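Q: Below you'll find the structure I mean.
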Amino acid sequence: MSSRTRARVRKTAAGVHTVRIPHQRGRRSHQPFVVVVPERPSLLAELGSALMLGVWDRRRGLAPLLLSVAALPLTGLLHWWAWWSGLTLVPLVTAPAGWLVFALKRRPAGRSVLAWRVGLTVAATSVLLWLALAAALGPLSGPLLVLWLVNTLAAQASWLFIRRKS
């Protein structure tokens, strides 16, 4: 390998970019190329990067929030594509109540466990009801957006409470 084809490494300061432009052929009166390379990313890029890193670091704590934010456009797409799918999801609304009856008969429990089971049943019924109604009527129709917000806040608050306790 000759010295002409081997890359030469030069040390430069952090944030300094070197751009090499080969000699121009042709007339000497041609204007040279000017390449502008920013040394730092823009403030908006820095802010977006910091926000995404913060979300990534706390991704387990924000799981209910991220799931509900993803559910909103997905139910809108489901409503647009097949509005009748909400009618097929209606039987799922009764599944948490069935689970509660099964759990109470199979494993009777004390007051605190019963309170947790009833709370989970109410929360799951509310979420499945919102899912069925949002798929049938659209996620932004009527009070469904308020129900989505209440479900999201309740799920996120209880998720953080449960994670802190354990």
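Q: Condition first: hydroxyl-bearing (Ser, Thr, Tyr) and in contact (Cβ under 8 Å) with a residue 24 or more places away in the chain. Now tell me which residues in the stretch 95-146 satisfy that. Steps first, please.
A: Here is the first cut: in the stretch 95-146, the residues hydroxyl-bearing (Ser, Thr, Tyr) are 112, 121, 125-126, 141.
Answer for the stretch 95-146, where residues must be hydroxyl-bearing (Ser, Thr, Tyr) and in contact (Cβ under 8 Å) with a residue 24 or more places away in the chain: THR121, THR125, SER126.
Q: Another question about this same structure. Please enumerate the residues belonging to the stretch 147-166 that are within 23 Å of ALA82 (Cα to Cα) and either of a type in the set (Asp, Glu) or in contact (Cβ under 8 Å) with a residue 40 or more places away in the chain (or both).
A: If the condition is that a residue be within 23 Å of ALA82 (Cα to Cα) and either of a type in the set (Asp, Glu) or in contact (Cβ under 8 Å) with a residue 40 or more places away in the chain (or both), then TRP148 is the only one that fits.
Each value in this text was obtained by applying a stated rule to the coordinates, not by laboratory testing. What you are looking at is a predicted structure, and each value in this text was computed from that prediction instead of being measured. No Cβ is skipped: glycine too gets one built from the backbone with ideal geometry, and neighbour counts run over all protein chains shown.
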